[in-house]
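One structure is given here, and the rest of the page talks about it.
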Amino acid sequence: MTAQTRSDRESALVETARRVLPAGGFGNVPLEIIVAEGRAGRVWDVSGNEYVDLLLGSGPMFVGHAHPEVLEAVREQVGRGTTFFANSEPGIRLAAAIVDAVPCAEQVRFVSSGTEADAYAMRLVRAFRGREKILKFEGGYHGMSDYSLMSLAPKRPGNFPRAIPDSPGIPRSVADEMLIAPFNDAEAAVALIEAHKDELAGVIVEPFQRLIAPKPGFLQALRRATQAHGIPLIFDEVVTGFRFAYGGAQEYFGVTPDVCTLGKVIGGGFPLAAIAGRADIMALFDKGAVGEDRFLTQIGTLSGNPVAATAGLKCLEILRRPGAYEQVFATGGAMMEGLSGMLREAGVAGQVIGCPVMFDVIFATGEVTDYRATLRADAAMGRRFNAAVRAHGVLKSDGKCYVGLCHTEADVADALGAFRAGVGAVG
Ligand SMILES: Cc1ncc(COP(=O)(O)O)c(C=O)c1O
């Protein structure tokens, strides 16, 4: 594939964006590519350049853009109305599908984004336990709430368990309510849980933190330590849900939390996310069950939106078909292996991390098992690699390649061609 060209129309849009949007964008990916359309595993920009899409809308488009079956279902629903605020059949059916699939899910509450789901999950366990502190892991991403933006990406990591705010504008008191532990250090995390067991409301973790796999036994250790003291364990499965396996990372790793959050795939490309978990904890959303004092008020204009739920339901139906996960893991595996081989051949100090459904290259040597190890990465090499890969027809974010059921052998071949250009740019 050849380098991309920019039309006058796209240049004008970039200019307008710079004028009317802070930093010239929506705040998501720092790209000057204006996407015009997507089909399956490809997108086209306004200039007509074609890309293999390894961004996949940051994960929701796991079955591909404009999937004909999803489109048909959505069109039919849109013709019957787009939002009601009241209960609707697609949302009820989606909740039932989640309960069938996800081990910890006995009940489901819908919201519109992963950020909301995580913020409510933390509030839910605080209300359930009648305690306030939440333990999270350094480098763990749980959306953009005040509580989540603690030690997500500290430039100068502090001493555990002190939380470091990731953004101005967060009240100082919030940091005091969060405890930070090192990911993949079971001993340290368990020691913190033990030491703070009487003030801990819950523990929240990405079961696969960004692109870092949990060490064998790590999630099990968290499960044992929290269970021993009746402290709810929350798995943030916004990314991993229905992606690592139909039942998510909890099925994949065989560890069942008390509560999980879901997003991305379950909305099929529309704004929908969920909190799912044990019925006795979810009961706090039911005034009739728990009474006025324990009731957790929760309302959202678009919660359980019927169009989003219809899209999500159709995606889950597609993912239930035999061989779906085998296929996407094989596709991603081929990309990872190909890229690893190129780095090796070129003698570049980098490695491919993640798993077949989401991976990236990190220009650092040595095992990457926690956030601090990622700080060793050569950021300038990362920038050169990403720029070359994009210029050669792959759309990716700075931190991750998402692989979907939609990606074909031709997509793999073209992605590997762009990766070769990326490796050439850093070699
Ligand atoms: C693990 C995790 N949790 C939460 C979120 C936030 O989800 P949203 O962007 O829908 O608010 C994300 C988004 O990427 C995520 O990766």
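The values are calculated or read from the model by the stated rules, or taken from the named source; none is laboratory data. Since we're looking at a predicted model, the values are computed, not measured. FYI the Cβ positions are ideal-geometry reconstructions off the backbone, even for glycines, and counts take in every protein chain you see. In case anyone asks, the SASA skips ligands and DNA or RNA and just uses the protein heavy atoms, side chains included. Shrake-Rupley method; radii C 1.70, N 1.55, O 1.52, S 1.80 Å.
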(message) Just to be sure I understand the filter: pairs with C-beta atoms under 6 Å, separated by 6 or more residues or on different chains, first member in the range 316-342 and within 25 Å of residue 94 (Cβ to Cβ), second member small (Gly, Ala, Ser). Which pairs pass?
(response) 316/97
(message) I'd like to know if the range 269-279 contains one or more residues that are within 18 Å of residue 137 (Cβ to Cβ) and part of a loop (DSSP other than H, G, I, E, B).
(response) no
(request) Just one of (1) aliphatic (A, V, I, L, M); (2) part of a loop (DSSP other than H, G, I, E, B); (3) under 22 Å from residue 226 (Cβ atoms) trips up residue 180, so point out which. (result) (2)
(message) I'd like the full set of residues that are open to solvent by 20 Å² or more (accessible area, probe 1.4 Å) and either in a loop (DSSP other than H, G, I, E, B) or over 15 Å from residue 209 (Cα atoms) (or both), limited to the range 183-197.
(response) 185, 187, 188, 190, 191, 192, 194, 195, 196, 197
(request) Pick out the one residue from 126, 162, 156, 131 that is open to solvent by 10 Å² or more (accessible area, probe 1.4 Å), part of a helix (DSSP H, G or I) and away from the ligand (no atom under 16 Å from the Cβ). (result) 126
(message) Is it the case, given these coordinates, that residue 140 is in a loop (DSSP other than H, G, I, E, B), within 16 Å of the ligand (Cβ to nearest atom) and of a type outside the set (Asp, Glu)?
(response) yes
(request) Test residue 243 against the criterion of being within 12 Å of the ligand (Cβ to nearest atom) and in contact with a helix residue (DSSP H, G or I) (Cβ under 9 Å, 6 or more places away or on another chain), and give yes or no. (result) yes
(message) Testing residue 148 on (1) more than 16 Å from the ligand (Cβ to nearest atom); (2) open to solvent by less than 10 Å² (accessible area, probe 1.4 Å), one condition comes back false. Which one is that?
(response) (1)
(request) Can you work out which of the residues in the range 142-182 that are modelled with pLDDT of 95 or more, over 23 Å from the mean Cα position of the chain (by Cα) and charged (D, E, K, R) is nearest to residue 209 (Cα to Cα)? (result) 162
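Go through the range 171-182 and give me each residue that's without any contact (Cβ under 8 Å) to a residue 40 or more places away in the chain and open to solvent by 30 Å² or more (accessible area, probe 1.4 Å). Break it down into steps so the answer makes sense when it comes.
Filtering the range 171-182 for residues without any contact (Cβ under 8 Å) to a residue 40 or more places away in the chain gives 171-176.
Within the range 171-182, 171, 172, 173, 176 meet the criteria.
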(request) Residue by residue through the range 99-123, note down the ones that are closer than 21 Å to residue 243 by Cβ, assigned to a helix (DSSP H, G or I) and within 13 Å of the ligand (Cβ to nearest atom). (result) 114, 115, 116, 117, 118, 121
(request) Working only within the range 254-295, note down all residues that are over 17 Å from the mean Cα position of the chain (by Cα), open to solvent by 40 Å² or more (accessible area, probe 1.4 Å) and farther than 22 Å from residue 130 by Cα. (result) 254, 256
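In contact with a Ser or Thr (Cβ under 8 Å, 6 or more places away or on another chain), at pLDDT 95 or above and in a loop (DSSP other than H, G, I, E, B): is that true of residue 300 in this structure?
Details: in contact with a Ser or Thr (Cβ under 8 Å, 6 or more places away or on another chain): yes; at pLDDT 95 or above: yes; in a loop (DSSP other than H, G, I, E, B): yes.
Considered against the rule, which asks whether it is in contact with a Ser or Thr (Cβ under 8 Å, 6 or more places away or on another chain), at pLDDT 95 or above and in a loop (DSSP other than H, G, I, E, B), residue 300 comes out as yes.
Can you tell me which residue within the range 199-243, out of those that are of a type in the set (S, T, N, Q) and outside any loop (DSSP other than H, G, I, E, B), is surrounded by the most Cβ atoms within 10 Å (Cβ to Cβ)? Show your work before the answer.
The initial filter retains those residues of the range 199-243 that are of a type in the set (S, T, N, Q), namely 209, 220, 226-227, 240.
This time we only want the ones that are outside any loop (DSSP other than H, G, I, E, B), so: 209, 220, 226-227.
Details: 209: 22, 220: 14, 226: 24, 227: 12.
So, considering only residues that are of a type in the set (S, T, N, Q) and outside any loop (DSSP other than H, G, I, E, B), the one surrounded by the most Cβ atoms within 10 Å (Cβ to Cβ) is 226.
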